[in-house]
Amino acid sequence: MAREAALAACLEAVLGSRSSANRVFELLEPLAGQEEPEDIVSATRTCSRLFGALLERRELFVGPLPDQDASLAESYSAEDKYRIWMRHRYRDCVGCLGELMRHEAFQVKELALCTLMKFVELEAQYPLIKIEWKGTLTFPCDLLKVVVDGLLPTEEDTSLLISRFQEYMEYNDVRYFVMKAVTASIGQVMQKTKERPLPFYQQNVFSLISPINMPNKESEMVKFMVKQDNREELKLSRLQAHKQVFEKMWLTFLKHKLPTGLYKKVLVILHDSVLPYMNEPTLMMDFLTVAYGIGGAISLLALNGLFILIHQHNLEYPDFYKKLYSLLDPSIYHVKYRARFFHLTDLFLSSSHLPAYLVAAFIKRLSRLALTAPPEALLMIIPFICNLFRRHPACRLLVHRPGGPADMSEDPYVMEEEEPSKSKALESSLWEIQSLQNHYHPDVARAAAVLNQSLSEMEDDISGLLELSAYELFDREVKKKAVDVPLEFEQVRGLFGKKNDIFAEHFSLD
Amino acid sequence: SNPFEVKVNRQKFDILGRKTKNDVGLPGVSRSKAIKKRNQTLLREYKEREKTNVFKDKRFGEYNTKITPEEKMIRRFALERQQNYGKKNIYNLNEDEELTHYGQSLAEIEKLNDIVDSDSDTEERGTLSAELTAAHFGGGGGLLRKKASSEPQVEEEEKPKSRKELIEEMIAKSKQEKQERQTRRESALELTEKLDKDWKEIQTLIAHKTPKSERKDKEVEKPKPDEYDMIVRELGFEMKAKPSERLKTEEELAKEEQARLQKLEADRLRRMRGIDEEENKKRPSHMSADDLADGFILDKDDRRLLSYKDGKINIENEEEKEEEEEEEEGEEEDNENEEESQEESASENEDDAADNHSDLESDLESEEEAAGNKEEKKHKANENKSQNMEKLDPKREAAKSELPYTFAVPESYETFKSLLSGRTVEQQLIILERIQKCNHPSLAVGNKAKLEKLFGFLLEYIGELASLDLPELRTIDKLVLPLYNLCQMFPEAASDSIKFILRDAAHDLEALIEVKGRATFPGLDMLIYLKIVSLLFPTSDFWHPVVTPAFMYMSQLLTKCRITTLQDVIKGLFICCLFLEYVSLSRRFVPELINFLLGVLHISLPKNQAQGYTVVHPFTPVGKNLELLLVRDKEDLKSWEKQNVPLSIVTRLKETSRTEINHIRLSCLALCFDLIKKCAALYESLPSFHEIMHPVRILLTQHVPVHEYPEKMQEWYHSALKELENKVKHYTPLICEKKKPVPLKQYTPKIVKVLEFGRKQASSKKEQERKQLIQRHKRELKGAIREIRKDNQYLARMQLSEIMERDSARKRKVKELLGSLATQEGEWKAMKRKKWKN
């Protein structure tokens, strides 16, 4: 308390008379970061009040800041000299706060961030830059750069602080300049590292830029931190400009190699919160095609963005279906993004103009892979295949081939063939689904048995089945009420006492 | 009648055979009828509407139309006279005062000296004769005359009876009665005599069937009959016991058992195919395979029937048996000695046991012998006995003697645990058995619920035993027997508690996945529970309330749980075994099983191999936790022998040495090979068998380093591979089931039963009835409204006529008045004129 009282006294003294201006150092001293967090916090508060007041009183030097020593010698007036000196202290303070944003204590970090943003607001209002002509941008970009740098350290995860910062991103101008600053920052940082991924830094950048909420229309852009009269004429107020900066930022971010986890995260949000706000979504083409070529889960995720480009921006993708076909491997039924992938696959295969051989190849491959799938995936894929049969009646040969050879020694379908047209899928039959009629899960067996009969005209709705999880399935089974419970009639003889018990052969009760 | 008064309802169409009631109407007639009726009812009511007094006509026979007016008058006259006959004047005291004594008129008593008691025989007494004489004094002529006369009652009533007449009447009556009585008595006597005579005649004819008392006399007289006859007769008369089932011969028993099993098996198959799930909702009540008919089935008749056991009649009930057992303890101690002597020379019981679970036995035997533990052996023998013969052996009896005989069902799990803790396995079994017997559902109302709870406790107890650091699996092995029995008694409760456990486990798994993003295998207790499920319930059903969730849970375990340690591999393989066991009869396809086995093979290979197969979750082609089953140590490879993996290893693997771990790894691998072989045998009939097994085959043929394996392992490997390879590839193109052809439209008329023309036909009987009722109600309502309307019209008419009448009367009177006034005036004027004139 004594400490705070002293600080308050000091503040009053500095603000009160210029003669005690040197006591500013007493205020700045704790900001060096060596003190207890509480002391730093109180000192930061005091500094914030001090420089806030000074900015409001316009007692800081305006214009390009001359060197401190030079200013003493030069022929500045005493007033100017004081202002220059005070402006230097202000600069020191900002520097300290920038440092404090890397302090261990979150409390300190948060306060430093808030204080800096307060300065940003005040500086925008009482600019420290000389207004040379009307319309000069008075936004303190340099100060904002300090904030952004503080938010994006290279060696720790600052997602908490970034989430605190999100409230400022509501302001259109702040967002605009932050995007610019981030672009610059990425350029600087990544250039130094020479294509080596920096997981923390990139993670931080991602958590800063992924929640950016771009306005949809120019008329929505009403919230600005700085009120300027001639806003209409400024670049800042145009959506086009915002989009441009946004686009540039993302392109710069994606230009560099990403860690796999981040790669997936980027791809997950790309189609939803990035592509629609770009001036030229086609610029993402390179990134997406590379991602699509990587294979595995990343390819699956890239599919979504690619779909938007193909669908809305006329992207010509050669061998798209071939690539999609090659994406089908046993893991698709087990990955997290199964629902999204099959949703898209359903879209891609919904065209009735696809050749029968292609659809047949897809059907055959999907059902071949279904032989390793868990029940929740099977419950989804069987209606999926049924839908394909409905859309492409030519493929029904797969389930109904009345005049075919009576007996074959091989399945004509070639699983290893990359090219759907050469896979001979149309010569084959869906023995896989027939095998699944013996599946242990009653619902799967029932669903597979549908293929024995001729299909109904209406397509099944699979949207509800896409997200089906094993636990849901279990829950559904457990909640079923049974009328009676059949019992085993063979008398128990012990834990492993059954006839031909497998356990008795391999396990012992010790 | 007048054709102008006839209204003809013309029919539009003539329909043959239809009878019409209302084709001709007589409106005039019916109207006049209606008006007449109203005159009698409504009009009367209307006229009496504000009157509270009611006029009652009590004139005799006034409304009786059957009597002619003359007769009516005569009757009225008679009544009048009758009324007058009694008291004429209430003030005339002397005339009719009747004095009584004991409720009888004194005058009467005076007249007749004694009253004739009609019931008693009056011959002997003199009273009647006195009476008679009195009558005679009155002269018999009157009597005679009265007898002869048969005048109508009316006449008699007309004239008052004189005293004499009354006496005469009375005498005649009594005489008549007496005579009748006598004749009746005589005829009865005659009849009895006749009957006796007849009976004697018949008696001689059927002399053999003599009454008992007589027979005894006869027996005394006769020479003693054959002893055999006596016994036969005695047996014949002895209280008959109800016959129970005939003691069956061995073959019959075997045949019956076979038939029963066949039936159960057929039932199982039906459920397995799941064809008629809906149709066959009601299932025959299930009986345990080894049901001992010892009253353990709930809804069974608990009466004790006469039964035979070992050729002797077995009457004593359970309690007595137990008492006897106590008494026999001394004897059985002797038996114990014998037993011990037997055990030394590998007793017969051992052989019996070998039949029961030879596999288990053979596994155990080596260990037992190594331990040289005779005690253990003895326990085993005991157990066999108790299972096979349900007869308590001495050892058990001794243990029993320490235990109380009755147990209440524990209310909570803690009390249950404290009941069992510190007891040997045998004692625990006995306790459980006694709890069941003492609290049999048929004994008290609440017992069912209590025993159902017991199942849950037992299950929990087993889980706890399994999750100990040193799991007491042997105890569990024994405890599954009472568990099975309880399950047979209360299937619903058992399935509920197992489902509860499964749901909990699945929920935990899901929570773990959500929090950590990956799951770990559950403890040994869950594995044991899953195994118990397969023991208690038929796993081959198409759908089963317990087994299907268990399937789902196991599938989740095999796909979601990370494999990081050797224990995980063992648990996983255990679940694979479970899967195989579950589907061993139904041969259902389990993709997870093949995936997991492939994964297990994959982690037994050295890293960085070219792959022609893909492993799926939870296994990864690259990354950590590879080579988990890889054994590089040559020594260990050489010294390995196939051993059964002890289950307790999943809790205490760390303590074992490196070599041992390597051996366990190899055992796991051998187990994996065996499972692959079993899978191959199981799925051979699936149409895409080769596709399913394709990755496994590639891995086996191309990647497994067979030559490095010890010889035994190579055997396992080759047998598995052989099973995979020697299946013919056989594909037949699929053909859809033929659609039922849609029948062509036919032109034969469709015959529909017409119930009522113009009504809706297509409705159920009930609906039709309802409609009919509604229709009838409507009709009645209409009729009623019409009637009311007509009533009102009638009333209005009546009122109008009344008013008219009143008005006309008034007019008439006014006219009269005016007339009289006019005449008066006229007269007055005339008078005046006269005056003027005058």
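Test B:Glu660 against the stated conditions and say whether it is free of Cβ contacts under 8 Å to residues at least 12 places away in the same chain and not small (Gly, Ala, Ser).
So B:Glu660 passes the test.
Checking A:Ile363, A:Ile310 one by one, the residue that is within 14 Å of chain B (Cβ to nearest Cβ), among the aliphatic types (A, V, I, L, M), part of a helix (DSSP H, G or I) and on the phi < 0 side of the Ramachandran plot is A:Ile363 and no other.
Restricted to region B:725-739, and to residues there that are part of a loop (DSSP other than H, G, I, E, B) and more than 48 Å from the chain's Cα centre (by Cα), the residue that is farthest from the other protein chains (Cβ to nearest Cβ) is B:Asn726. For B:Leu630, state whether it is hydrophobic (A, V, I, L, M, F, W, C) and either more than 14 Å from chain A (Cβ to nearest Cβ) or exposed (fewer than 15 other Cβ atoms within 10 Å of the Cβ) (or both). Judged against the criteria, B:Leu630 is a match.
Checked across region A:118-126, the condition of being within 24 Å of A:Glu4 (Cα to Cα) and modelled with pLDDT of 80 or more holds for at least one residue. Give the residue that is surrounded by the most Cβ atoms within 10 Å (Cβ to Cβ), with candidates limited to residues of region A:469-510 that are more than 7 Å from chain B (Cβ to nearest Cβ) and of a type in the set (S, T, N, Q). Only one residue fits best here, namely A:Ser469. Cβ-Cβ contacts under 8 Å between residues 6 or more apart (or on different chains), taken from a first residue in region A:370-384 that is assigned by the TED database to the domain that holds A:Asp475 and farther than 15 Å from B:Leu558 by Cβ to a second residue that is among the charged types (D, E, K, R) and not in a helix (DSSP H, G or I), are listed as A:Pro383/A:Asp460. Would you check if there is a residue in region B:613-625 being away from every other protein chain (no Cβ under 14 Å) and within 30 Å of A:Gln437 (Cβ to Cβ)? No: region B:613-625 contains no residue that is away from every other protein chain (no Cβ under 14 Å) and within 30 Å of A:Gln437 (Cβ to Cβ). Here the condition is being within 9 Å of chain A (Cβ to nearest Cβ) and polar (S, T, N, Q); of B:Ser719, B:Ser667, it holds for B:Ser667 alone.
Among the residues examined, A:Ser326 qualifies as part of a helix (DSSP H, G or I), hydroxyl-bearing (Ser, Thr, Tyr) and touching an Asp or Glu at 6+ places or on another chain (Cβ under 7 Å). Apart from one condition, B:Thr656 fits all of (1) outside any helix (DSSP H, G or I); (2) within 11 Å of chain A (Cβ to nearest Cβ); (3) closer than 30 Å to B:Glu472 by Cβ; the exception is (2).
To keep it simple, each residue is scored yes or no on (1) basic (Lys, Arg); (2) farther than 23 Å from B:Ile692 by Cβ.
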site: A:His392; (1), (2): no, yes
site: A:Arg396; (1), (2): yes, yes
site: A:Pro402; (1), (2): no, yes
site: A:Met408; (1), (2): no, no
site: A:Ala425; (1), (2): no, no
site: A:Trp431; (1), (2): no, no
site: A:Asn438; (1), (2): no, no
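Has region A:407-415 got any residue that is in a helix (DSSP H, G or I) and more than 9 Å from chain B (Cβ to nearest Cβ)? There is no residue in region A:407-415 that is in a helix (DSSP H, G or I) and more than 9 Å from chain B (Cβ to nearest Cβ). Inspect region B:487-507 for any residue being under 16 Å from B:Gly572 (Cα atoms) and in contact (Cβ under 8 Å) with a residue 60 or more places away in the chain and give the result as yes or no. Looking for residues that are under 16 Å from B:Gly572 (Cα atoms) and in contact (Cβ under 8 Å) with a residue 60 or more places away in the chain, one finds none in region B:487-507, hence no. Residues in region A:416-454 that are acidic (Asp, Glu) and closer than 22 Å to A:Asp329 by Cβ were compared, and the one that is farthest from the other protein chains (Cβ to nearest Cβ) is A:Glu419.
Kindly check whether there is at least one residue in region A:284-305 that is modelled with pLDDT under 80, within 18 Å of the chain's Cα centre (by Cα) and crowded, with 16+ Cβ neighbours inside 10 Å. The answer is yes; a qualifying residue exists.
Residue-level check: of (1) within 11 Å of another protein chain (Cβ to nearest Cβ); (2) assigned to a loop (DSSP other than H, G, I, E, B), A:Ile332 misses just (2).
I need the full set of residues from region B:678-716 which are part of a loop (DSSP other than H, G, I, E, B), more than 14 Å from every other protein chain (Cβ to nearest Cβ) and either among the charged types (D, E, K, R) or surrounded by 14 or more Cβ atoms within 10 Å (Cβ to Cβ) (or both), in order please.
B:Val704, B:Tyr709, B:Pro710
There is at least one residue in region B:785-795 that is aliphatic (A, V, I, L, M) and within 60 Å of the chain's Cα centre (by Cα).
B:Arg75: within 30 Å of B:Arg789 (Cα to Cα), surrounded by 10 or more Cβ atoms within 10 Å (Cβ to Cβ) and at pLDDT 85 or above, yes or no? Against the criterion (within 30 Å of B:Arg789 (Cα to Cα), surrounded by 10 or more Cβ atoms within 10 Å (Cβ to Cβ) and at pLDDT 85 or above), B:Arg75 does not qualify.
The values are calculated or read from the model by the stated rules, or taken from the named source; none is laboratory data. Keep in mind the model is a prediction, meaning the values are calculated, not measured. When we count neighbours, we look across all protein chains shown, and the Cβ atoms used for this are built from the backbone with ideal geometry, even at glycine.
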